[in-house]
Amino acid sequence: MILKTIIMAGGEGSRLRPITCGRPKPMVPVANRPMMAHIVDLLRKHGFTEIGVTLQYKPEYIRSYFGNGAEFQVNMRYFVEEVPLGTAGSVKNAQSFLDQTFLVISGDALTDIDLSRAVEFHRKKGALATLVLTRVNCPLEYGVVIIDSGGAITRFLEKPAWGEVFSDTVNTGIYVLEPEVLDYIPPGEMFDFSKDLFPLLLREKKPLFGVVLPGYWCDVGNLAQYVQAHQDVLAGRVQTLLPAQELAPGIWAGQGVEIHPQARIKGPVLIGDNSYIGKEAGIEPYTVIGNGCLLQEKALLKRAVLWNNVYVGTGARLSGAVVCSRVQVHAGAEVYEGAVIGSDSVLQERSVIKPDVKLWPNKLVEAGGVVNSSLVWGTRWPKKIFGLEGVTGLFNVEITPDYATRLGAAFGAALGGGSELAVSADSYPSSQIIKEALAAGLQSTGAKVYDLGMVITPMHRFAVRCLKLAGGVHVKISHRRPDQVTLVFLNGKGGNISRSMERKVETLFSREDFPRVDVSRLKPREFVSGITESYLNGLLGKIELASLRKARMRLILAYDPRNLGTFVEALGQALQVEIENLDLSGSEDFPLSWENYLENLSYLAEKVYTGGANAGAIIDPNADRLVLVDERGRIIRDSLLTVLLALITLKAHREPVIVPVTAPRAVEKLAQRYGGRVVRTKTALPDFLEKVLGQGENHQDNSGMPGQFLLNFDALGALTGILSFAAQNRVSLGDLVDEVPSFYMSQKEVPVSWEAKGRVIRSLIEQPPEEEMELLDGVKVFHPNGWALVLPDPEEPVCRVFSEGVSMEIAESLADFYTEKIQRLLSTN
């Protein structure tokens, strides 16, 4: 006869929070399968295939996973408690199903005890109830049981103190019962097996027995036991099925797992289906990795438990931690022993989670943040999603197609229904995917979308103005990291949207408060042709072309031909310039980061000098950044490039020169020399752009030179403009550099937490120096021999210190002075 079984699966598992937030305890995974699935396997092994399941907390979770049990080769019925009834009361609720001897077992424990032996003992003794017992080292958290030599129970105590401990034999929560026992349980009332029913049966001298059986048993009552259960599975201490194959001794992997040849794995470990282990990633013994996880290069896991779809960034370290589903652990983050990260949480770069800290689901830890205590309340995303240049994040981790669709809808709603907007992307697959999702979000609000195709940022700016659109969004690979994408949001002038518009988009995005139009009001996307030719002709129309062609210059460039090739080659032919590309384009899938390009500057400078070229340049893939090399091999970048552009602007136009507050005072010296005027602006791109556009972006003054908009925000426009100016005036790039007054600058950064930034800036202002102070952007203090600027970074937990002096020694001493001052302010608090 097939015995019937009751699985008690109504537990909420409050002691296991936050891993039980949103799911019943029996559905918490152990070795990549719900705990209850291990119990079902054990029951089937012993022939218990008729199963009733008592449910109370989130019953749909268990029902949807197990269904009628056919997938697990058993038959399942469910009995839901409308109100909590206790362990015995829940079984009483299934009385209609229990018409013969039956087994009761918890769905939230892990065991391989021989259930058949328990039933055999029960029948042999003629018991009304048999308790399966086991021996434990510390019985304080269990029901302690005393039995005589024949197995009859003589005494028991639920969760005793040490002074009450009289045995190490405890109740496992596994019972063999006769249906008559249900008559002792009152219907519809809270009634417990250990506290109520068994003491009652003992008092009435009913045949109540206990049998001590060998085997593994763990009730997984706390987080430490949860981690230990995984280690016991991997160590083979419990006999249970693993959803994987053994690739090598102690290394178990599911289907579709990809492991880089240079990854380091020491068994025993379990790796779930479709997970990826990156180059030089390390997995130490007793680590469990769920399905669909991604471990990037040099990530390190030690005795960690990862649930499904967890992202672990480059160089991140997890030791003895539990990381729930869909958590993002970004590059350089650290999670220590006993910590638990709830589902859908995000640990940004270099964040630290200290030992035993618990993060409830949907938490965000900012970059560089250190969490010393558990976080229960809060939200997943910060209110501010816009950074220095737009919205930037890891592709398919932070910025997913779904995220981009909602962001597009928020932007469309912010500009008003029916707005005409452009979308574009560079040539890389991740950018293209996000662009498609973004366009769908814009269209869903009724916007008319013009698709510019695969372009570069300056061309998108040009197209928005040329087509007289309300704005646009360009999606590109981040210049910092090729696995990130950046969404650049533009206004109708081709500049970045204002701070107020950013806040409006953020508010709509966070609330998801954007309208969806009826299908009759949807407007089809229009694909724009010929815009590349118009952009290039626009560049050529702003320079003195004849002089440049006559110069027959030779350039050595470093750029990614996959994205810039079309534009650079066309310009080279039109200008009759010979171009050699060093092609430092990186892998087939990703371009180099801007930092990687800059590492090749010395090589480029040597090539230009020894090769007799007129100039060299590094151009980033979207033509947003430029570094020059003159014919003598001197590198022109950052502040020197800013001053060079100011020099050319003053000599060509004699118009106000717009420079950021960080620019050296050499700009003022040049303005005095050429009778011009300097206007300083904030360093943030939207502020800089707004100020330049306010001067008239199409200003040319019949000088054969593009205006400051192109010189500062279009690498191709700046390169052609500088070369044209040199050719027109019959000077070399080096001659122009020689005209730049000498200046000495230093830059440092100080780690400052997000919480402390405001206090640091306030303290600097409240302790004014004797020297002049300026608060245009950050805190700028003018000293007799130089100046220093303390500027809080909007994207990272740091403050940056810029300084300039009459000598390099003074510039560095000013930077050191304010760096130390910030550190003192932090230490006093």
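The values are calculated or read from the model by the stated rules, or taken from the named source; none is laboratory data. Since the model is a prediction, treat every value here as computed from it, not as a measurement. Glycine gets a Cβ as well: all are built from the backbone with ideal geometry, and neighbour counts include every protein chain shown. Ligands, DNA and RNA are excluded from the accessible area calculation, which covers all protein heavy atoms including side chains. Shrake-Rupley method; radii C 1.70, N 1.55, O 1.52, S 1.80 Å.
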With the condition being modelled with pLDDT of 90 or more, out of contact with any Pro (no Cβ under 7 Å at 6 or more places or on another chain) and within 22 Å of Glu804 (Cβ to Cβ), I'd like the helices (runs of 4 or more DSSP H) fully within region 647-715 carrying at least 3 qualifying residues. 666-674
Flag for Val752 being in contact with a Phe, Trp or Tyr (Cβ under 7 Å, 6 or more places away or on another chain), farther than 30 Å from Lys550 by Cβ, of a type in the set (Val, Ile, Thr) and at pLDDT 90 or above: no
Filtered residues of region 213-228 (kept if hydrophobic (A, V, I, L, M, F, W, C) and in contact with a Leu (Cβ under 7 Å, 6 or more places away or on another chain)): Cys218, Val220, Leu223
For Asn396, the lone unmet condition from (1) open to solvent by 60 Å² or more (accessible area, probe 1.4 Å); (2) on the phi < 0 side of the Ramachandran plot; (3) modelled with pLDDT of 80 or more is (2)
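Show me the helices (runs of 4 or more DSSP H) found entirely inside region 550-621 where at least 3 residues are within 17 Å of Ile456 (Cα to Cα).
561-575
Yes/no matrix, rows are residues, columns are (1) part of a loop (DSSP other than H, G, I, E, B); (2) modelled with pLDDT under 95; (3) open to solvent by less than 40 Å² (accessible area, probe 1.4 Å):
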position	(1), (2), (3)
Ile434	no, no, yes
Leu438	no, no, yes
Gln443	no, no, yes
Val449	no, no, yes
His460	no, no, yes
Lys468	yes, no, no
Ser500	no, yes, no
Arg503	no, yes, no
Ser510	no, yes, no
Tally of residues being of a type in the set (A, V, I, L, M), surrounded by fewer than 17 Cβ atoms within 10 Å (Cβ to Cβ) and in contact with an Asp or Glu (Cβ under 8 Å, 6 or more places away or on another chain) across region 783-815: 0
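Can you tell which of Pro621, Pro561 is surrounded by fewer than 19 Cβ atoms within 10 Å (Cβ to Cβ) and either within 21 Å of Thr532 (Cα to Cα) or at pLDDT 95 or above (or both)?
Numbers: Pro621 fails: surrounded by fewer than 19 Cβ atoms within 10 Å (Cβ to Cβ).
One residue alone meets the criteria, Pro561.
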If you scan region 351-368, which residues turn out to be open to solvent by less than 20 Å² (accessible area, probe 1.4 Å) and among the β-branched types (Val, Ile, Thr)? Ile353, Val357, Val365
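Pick out the one residue from Gly418, Gly453, Gly446, Gly471 that is in contact with a Phe, Trp or Tyr (Cβ under 9 Å, 6 or more places away or on another chain) and either among the basic types (Lys, Arg) or over 27 Å from Tyr597 (Cα atoms) (or both).
Working: Gly418 fails: in contact with a Phe, Trp or Tyr (Cβ under 9 Å, 6 or more places away or on another chain); Gly453 fails: either among the basic types (Lys, Arg) or over 27 Å from Tyr597 (Cα atoms) (or both); Gly446 fails: in contact with a Phe, Trp or Tyr (Cβ under 9 Å, 6 or more places away or on another chain).
When all the criteria are applied, what remains is Gly471.
Determine which member of the set Leu571, Leu575, Leu644 is crowded, with 17+ Cβ neighbours inside 10 Å and under 26 Å from Ser803 (Cβ atoms).
Working: Leu571 fails: under 26 Å from Ser803 (Cβ atoms); Leu575 fails: under 26 Å from Ser803 (Cβ atoms).
Within the list Leu571, Leu575, Leu644, the selection yields Leu644.
Residues checked against (1) touching a Ser or Thr at 6+ places or on another chain (Cβ under 6 Å); (2) open to solvent by 70 Å² or more (accessible area, probe 1.4 Å); (3) in contact (Cβ under 8 Å) with a residue 24 or more places away in the chain; (4) not in a loop (DSSP other than H, G, I, E, B):
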site: Glu60; (1), (2), (3), (4): no, yes, no, yes
site: Tyr65; (1), (2), (3), (4): no, yes, yes, yes
site: Tyr78; (1), (2), (3), (4): no, no, yes, yes
site: Gly89; (1), (2), (3), (4): no, no, yes, yes
site: Ile105; (1), (2), (3), (4): no, no, yes, yes
site: Arg117; (1), (2), (3), (4): no, yes, yes, yes
site: Lys124; (1), (2), (3), (4): no, yes, no, yes
site: Thr130; (1), (2), (3), (4): no, no, yes, yes
Within region 91-103, take every residue that is open to solvent by 30 Å² or more (accessible area, probe 1.4 Å) and part of a loop (DSSP other than H, G, I, E, B) and give me the one that is nearest to Glu12 (Cα to Cα). Asn93
Since Lys279 meets every condition but one in (1) out of contact with any strand residue (DSSP E or B) (no Cβ under 9 Å at 6 or more places or on another chain); (2) among the charged types (D, E, K, R); (3) open to solvent by 80 Å² or more (accessible area, probe 1.4 Å), which condition does it not meet? (3)
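Search region 197-206 for residues being over 56 Å from the mean Cα position of the chain (by Cα) and closer than 16 Å to Ile146 by Cβ, and hand back the single one that is least open to solvent (accessible area, probe 1.4 Å). Steps first, please.
The first filter runs over region 197-206 and keeps only residues over 56 Å from the mean Cα position of the chain (by Cα), leaving 201-206.
Then keep just the ones that are closer than 16 Å to Ile146 by Cβ; that gives 201-203, 205.
On the way: Leu201: 2, Leu202: 53, Arg203: 162, Lys205: 172 Å².
Among residues in region 197-206 that are over 56 Å from the mean Cα position of the chain (by Cα) and closer than 16 Å to Ile146 by Cβ, the one least open to solvent (accessible area, probe 1.4 Å) is Leu201.
With the requirement that a residue be outside any strand (DSSP E or B) and in contact with a strand residue (DSSP E or B) (Cβ under 8 Å, 6 or more places away or on another chain), what does region 482-492 give you?
We begin by selecting, within region 482-492, every residue outside any strand (DSSP E or B); these are 482-483, 492.
Within region 482-492, Asp483, Gly492 meet the criteria.
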Of (1) under 25 Å from Leu388 (Cα atoms); (2) buried (at least 16 other Cβ atoms within 10 Å of the Cβ); (3) not hydroxyl-bearing (Ser, Thr, Tyr), Val517 satisfies every one except (1)
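If you go through region 223-249, how many residues are of a type outside the set (D, E, K, R), more than 31 Å from the chain's Cα centre (by Cα) and surrounded by fewer than 18 Cβ atoms within 10 Å (Cβ to Cβ)? If you could, list the steps in order and put the result at the bottom.
The initial filter retains those residues of region 223-249 that are of a type outside the set (D, E, K, R), namely 223-231, 233-236, 238-245, 247-249.
Those left that are additionally more than 31 Å from the chain's Cα centre (by Cα): 235-236, 238-241, 248-249.
Add one more test, that the residue is surrounded by fewer than 18 Cβ atoms within 10 Å (Cβ to Cβ), and what stays is 235-236, 239, 241, 248-249.
Here the count works out to 6.
Would you call Tyr276 of a type outside the set (Asp, Glu) and in contact (Cβ under 8 Å) with a residue 60 or more places away in the chain?
Criteria not met by Tyr276.
Can you tell me how many residues in region 526-539 are touching a residue at least 40 places away in the same chain (Cβ under 8 Å) and either assigned to a strand (DSSP E or B) or surrounded by fewer than 17 Cβ atoms within 10 Å (Cβ to Cβ) (or both)? I'd like the intermediate steps shown before the answer.
Step one: filter region 526-539 for residues touching a residue at least 40 places away in the same chain (Cβ under 8 Å), giving 526-528, 531-532, 534-535, 538-539.
Restricting the remaining residues to those that are either assigned to a strand (DSSP E or B) or surrounded by fewer than 17 Cβ atoms within 10 Å (Cβ to Cβ) (or both) gives 526-527, 534.
The number of residues fulfilling the criteria is 3.
In region 1-49, which residues are assigned to a helix (DSSP H, G or I), open to solvent by less than 30 Å² (accessible area, probe 1.4 Å) and at pLDDT 90 or above?
Taking region 1-49 and keeping what is assigned to a helix (DSSP H, G or I), we get 14-16, 25-27, 35-45.
Then drop every residue that is not open to solvent by less than 30 Å² (accessible area, probe 1.4 Å), which leaves 16, 25-27, 35-43.
Within region 1-49, Lys25, Pro26, Met27, Met35, Met36, Ala37, His38, Ile39, Val40, Asp41, Leu42, Leu43 qualify.
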Subset of region 347-381 [assigned to a strand (DSSP E or B) and closer than 23 Å to Ser14 by Cα]: Ile353, Lys358, Leu359, Leu364, Val371, Leu375
Just one of the numbered conditions (1) within 16 Å of Pro18 (Cβ to Cβ); (2) small (Gly, Ala, Ser); (3) open to solvent by 10 Å² or more (accessible area, probe 1.4 Å) is not true of Ala339; which one? (3)
